[in-house]
Amino acid sequence: MKKTLLIFILLTAFSNLKAQYHLLYFSDDSISKLKFDADHLQMQQKHEESSKIYRNLLTIDSLKAYANYNIGVNCYNLNKTDSSILFLRRSLEFGYDSLEVFNTLVYVYKRIMKDDRKAYDLICEMINYWPNDAKLYRKRASYRDYADTEGYLNDLKKAGELGDADAKRTYETFYRDKAILEKNLKAKGLK
């Protein structure tokens, strides 16, 4: 009886160890194949299947950021916005490209949740992290309320100063058109 029990315990321990081994210790070839399969399924818009594979990749330390980010992307494609935000934020904690994550979060808030205020606040937070990124100033300008002309123009001006030619052109066009409008109003005696 004792021998049978001992053998049973050893077999159970071995099978549990073997199951954990397959989850924790992938070979380099199997990791590459899993990543490829998950990415391929994601491109085919098979988000549930893709997420299952990414969840397996979460057990690998060097892939936690990558897997969390892609699960977050899959979640927003499946309209699971709360889960999407959770996984995207978690990918930041593990060191995923924060600019890409923040841009994805802005997309989730703006396009999926229709929360313009939260998207705008997130862009402001991004500008605090990357104050020399011209695209962020132009993006914030586009998210501003129509009544905030001064803020809009300040963002365009800053983006132009940082090398964004389109923002600079838009800023200059605004003042040129404003001067033409004022000249026409003055000529007609309306100003």
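Every number in this text was worked out from the coordinates using simple rules, so none of it is lab data. These numbers come from a predicted model, not from an experiment. Using ideal geometry, Cβ is built from the backbone for each residue, glycine included, and neighbour counts are taken over all protein chains shown.
Figure the gain on full extension for Arg169 and Lys135 (residue separation times 0.36 nm, minus the Cα-Cα span) and round it to one decimal in nm.
Values: separation 34, 0.36 × 34 = 12.24 nm, distance 1.41 nm.
Value of the extension gain: 10.8 nm.
Neighbour counts of other C-beta atoms within 10 Å: give me Leu190, Leu99 arranged from fewest to most. Write down the numbers at each step before the final one.
Numbers: Leu190 8, Leu99 14.
Ranked by crowding around the Cβ, least crowded first: Leu190, Leu99.
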(request) Can you put Ile112, Ile53 in order of Cβ neighbours within 10 angstrom, beginning with the fewest? (result) Ile112, Ile53
(message) Counting other beta carbons within 10 Å of each residue's own, what order do Ile71, Ile180 fall into, fewest first?
(response) Ile180, Ile71
